[in-house]
Amino acid sequence: MTTHPLILRVAIATPLRCLFDYLPDAASNLKNLQPGLRVSVSFGRRKDITGIVVSISNQSDHPQHKLKKINHVIDEHPVFNHKHLRLLKWASDYYHYPIGEVIFSALPSSLRKNNSITKYNEKIWCLTEKGADFETKLIKQAPKQSRLLNYLQQRRSPANESEINSIYSRSKPSLLSLEEKGLIRRSTEDVTDGIIKINRSPFTLNKDQQSATKEVLESIDNASIFLLDGLTGSGKTEVYMTLMESVIRAGKQCLILLPEIGLTPQQIQRFKDRFEVNIAIQHSGLSETERTQYWLAARSGKAKIVIGTRSAIWTPLANPGLYIIDEEHDLSYKQQDGFRYSARDMLITRANRDKVPAILGSATPSLETLYNVKKDRYKHLILSTRAANAKPPTYRLLDIRGKKMHGPLSQTLVDEITEHLNNKNQILLFLNRRGYAVHLFCHSCGWKAECTRCELPYTYHKNINRLVCHHCGVTKRHIEQCPDCNEPLLLMGHGTERIEEVLTTLFPQATISRIDRDTTRKKNAMHDYLERIQSGEIDIMIGTQMLAKGHHFPNVTLTGIVDADRGLFSTDFRASERLAQLFMQVSGRTGRGVKEGTVVVQTYHPEHPLFEQLIKHGYNYFCNSLLQDRNHSSLPPYSHMVFLRTEAHNANDAKHFINDAAMQLNQLTNNKLLLFGPIPALIEKRSGRYRYQLIIQSQSRKALHTYLDRWLDKIESSKSAKKVRWSLDVDPQDMA
Ligand code: ADP
Ligand code: ZN
Ligand code: ZN
């Protein structure tokens, strides 16, 4: 350690697990240097890259003459405050992920470069004298312009463009026209705070909603975690909005996370209709500029509501008042590569650190959350009635062994479809598999069409007449004859395209839509489908899990689960939990309106306890028995887990690496941790790489985490690491 006058400890986006020491440049005013500022530095061979000052010290491991000066300071004010930097440091420690990568992933990508923040300061609009008393009705043929003008007249003070945009989407052209007409102009005055106009809910909350709301409000100034447990359609979103209203009126901000599939334009619109405030949206579909402007609005406190998907959890808030995560069990909250954080767990961490409440909403809570409720760490709020008095659906478990089938659909299911069609109701068929057929094989010699990089069967997609590997995405020309013996090949196993074909033949009069990733690639495709479903235009929809979650289809009275058996016999210990969640979510699509709903479940294993427990006793009963199993075998949440994941072109390299790493960990910990491995991943080979895992487990989180950093240092410098790709996964959510 050498003592220096002033050392800047800088985070840089590199895989190295440390900060880098720099000296200030001559031009910097030393008094203004502070943590959170971005600086330009030279690093290795690169002359100008962006770093962030994490701390300022007068100690360094390096002598002064070895230290470089920074090139210059980029920002006038820090991009992150102390509190946020500490949160990011915490995340880097907990997930054992390099601090530089963690900090940079929390910035909008435009600010990861040297861009000045002022570049993203947005336009502020105000009325001209003419515009102030202009009759909005006079703007004929441009209803949008008259609405915008009316808004500014009501508001009586300048408004940010993003605020206007968050209320009236795509308003730019109309604003420019109003400017041209001399009715509005750009203001130089700053907007101190967005106006707050909150519309009344069209409903009175029911008893459950009222008591849930009351209980949260009573602890609104504390860090308490709530599970809001209610079936889909039980009115959770109404509870969120009621709570948000009082938080916003108290001058604070709300962060709400939605699963990737749940953040639809309709869902955002629902919040906009209720809250005419500055709403910041954070998801990957925005342009860089939009995303940065919203991010700045959240950080400054101007945005009262921040809505986004997983990565929105890193948005800094000036004045947090409430954290909400909807469908908390959803797998999209766990990042599955690189920095493998859980947005749900980070949300709870943030709420605790900020001392404000967090609400985890779900119809099918995760076992972790149910366990925390049992331990009295979370309060359990239950919405037991469906809001609009809808009844829970009736289940029919269909044993399809030996039954007459039309492709994947049994005669009984076809009869049900006919009946519901005759009653002018809508039908949803669920199959979590795209494409036409899942196997292409030769009946005479046993040859199979397999992706050589993954050693797994290709799926045949009839629409494009190609074979597609669903694991690595490779596609290949379809073949009809066996390359080994020239016999015609057979197609086996059904996908959504096949159901569509069968239904089109059976019900030529019905309007049938297949809704999966293949048919919704275009930008507004999903939106259009949802509108056509709502309007009643579509009679039968066939969907994968993207259709199973969160949507409200009041006229669907029949849901068919075409293949309920997938996942029943998986080796992933979470498979039954996931299957039960999906099962309940799919069933939740039915009977959400005034009509009663039926769920038909096709299975070859009607005796499986999962069905009996779920259908007869419900999700919570089923989860209690799952929790007992987990307790019995000391699996999470009754223990803590970390995976060391590896992939290599040569399977032995991966196994060697895992064996070496396991030995090193045992040496460090004196065999105190439970280690299993090398264990092949569920998808053992993907894109030409063999994949193995080391499972590290302990009852004590502390014991598990204490040695990991030292161990990672050792692994990083080990010889066997050079031949593989590896990563650490803390609290892993799947074995795939
Ligand atoms: P969830 O978020 O639990 O799926 P929602 O809040 O979306 O449930 O509510 C489902 C439907 O019921 C929505 O159309 C909503 O407008 C309506 N709803 C919610 N609360 C009430 C209430 N208290 N009275 C009448 N309708 C309600
Ligand atoms: Zn053959
Ligand atoms: Zn493949």
Handout entry: Odd one out for Pro143, checked against (1) surrounded by 14 or more Cβ atoms within 10 Å (Cβ to Cβ); (2) under 37 Å from the mean Cα position of the chain (by Cα)
Key = (1)
Exercise for the section: May I ask you to list the residues in the range 433-445 that are without any contact (Cβ under 8 Å) to a residue 60 or more places away in the chain and surrounded by fewer than 22 Cβ atoms within 10 Å (Cβ to Cβ)? Expected result: Val438, His439, Phe441, Cys442, His443, Ser444, Cys445
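To keep it simple, each residue is scored yes or no on (1) crowded, with 23+ Cβ neighbours inside 10 Å; (2) among the polar types (S, T, N, Q); (3) in the same structural domain as Val586 (by TED's automatic domain parsing); (4) within 16 Å of ligand 3 (Cβ to nearest atom).
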{"site": "Ile256", "(1), (2), (3), (4)": "yes, no, no, no"}
{"site": "Asn278", "(1), (2), (3), (4)": "yes, yes, no, no"}
{"site": "Ser284", "(1), (2), (3), (4)": "no, yes, no, no"}
{"site": "Asp326", "(1), (2), (3), (4)": "no, no, no, no"}
Handout entry: Residue among Leu558, Leu610 that is farther than 30 Å from Ala703 by Cβ, in contact with a His (Cβ under 7 Å, 6 or more places away or on another chain) and at pLDDT 85 or above
Key = Leu558
Practice task
Tell me which residues, restricted to the range 453-464, are touching a residue at least 12 places away in the same chain (Cβ under 8 Å) and away from ligand 2 (no atom under 16 Å from the Cβ).
Solution key: Arg453, Cys454, Glu455, Leu456, Thr459, Tyr460, His461, Lys462, Asn463
Practice task
Test each condition in (1) under 30 Å from Arg691 (Cα atoms); (2) within 37 Å of the chain's Cα centre (by Cα) for Ile400 and report the one that comes out false.
Solution key: (1)
Exercise for the section: Restrict the check to the range 511-529 and report whether at least one residue is under 23 Å from Thr557 (Cβ atoms), more than 28 Å from the chain's Cα centre (by Cα) and either surrounded by fewer than 17 Cβ atoms within 10 Å (Cβ to Cβ) or free of Cβ contacts under 8 Å to residues at least 60 places away in the same chain (or both). Expected result: yes
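Check whether at least one residue in the range 425-432 is surrounded by 17 or more Cβ atoms within 10 Å (Cβ to Cβ), under 30 Å from Leu728 (Cβ atoms) and aromatic (Phe, Trp, Tyr), and report yes or no.
No, the conditions are met nowhere in the range 425-432.
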Handout entry: Odd one out for Gly435, checked against (1) of a type in the set (Gly, Ala, Ser); (2) more than 16 Å from ligand 3 (Cβ to nearest atom); (3) farther than 30 Å from Val730 by Cα; (4) touching a Ser or Thr at 6+ places or on another chain (Cβ under 9 Å)
Key = (2)
Exercise for the section: Determine if the range 398-406 includes at least one residue that is in contact with a strand residue (DSSP E or B) (Cβ under 9 Å, 6 or more places away or on another chain), closer than 19 Å to Ile561 by Cβ and either within 16 Å of ligand 1 (Cβ to nearest atom) or of a type in the set (Val, Ile, Thr) (or both). Expected result: yes
Exercise for the section: Go through the residues of the range 114-123 one by one and say whether even a single one is more than 29 Å from the chain's Cα centre (by Cα) and not in a loop (DSSP other than H, G, I, E, B). Expected result: yes
Problem - Residue identified as within 16 Å of ligand 3 (Cβ to nearest atom) and either surrounded by fewer than 16 Cβ atoms within 10 Å (Cβ to Cβ) or under 30 Å from Leu398 (Cα atoms) (or both) among His649, His617 - result: His649
Practice task
Please enumerate the residues belonging to the range 666-678 that are surrounded by fewer than 15 Cβ atoms within 10 Å (Cβ to Cβ) and either among the polar types (S, T, N, Q) or in a strand (DSSP E or B) (or both).
Solution key: Asn666, Gln667, Asn670, Asn671, Leu674, Phe676
Exercise for the section: Please note which strands (runs of 3 or more DSSP E) are completely contained in the range 7-76 and include at least 3 residues that are touching a residue at least 12 places away in the same chain (Cβ under 8 Å) and polar (S, T, N, Q). Expected result: 46-60
Completion exercise
Scanning the range 483-507 for residues that are surrounded by fewer than 17 Cβ atoms within 10 Å (Cβ to Cβ) and at pLDDT 95 or above, the one nearest to ligand 3 (Cβ to nearest atom) turns out to be Glu501
Exercise for the section: Working carefully through the options Asp528, Asp518, Asp539, find the one that is touching a Lys or Arg at 6+ places or on another chain (Cβ under 6 Å), away from ligand 2 (no atom under 16 Å from the Cβ) and in the same structural domain as Pro408 (by TED's automatic domain parsing). Expected result: Asp518
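The values are calculated or read from the model by the stated rules, or taken from the named source; none is laboratory data. If you're wondering where the values come from, they're calculated on a predicted model, not measured in any experiment. Here Cβ is always computed from backbone atoms with ideal geometry, including for glycine, and neighbour counts include all displayed protein chains.
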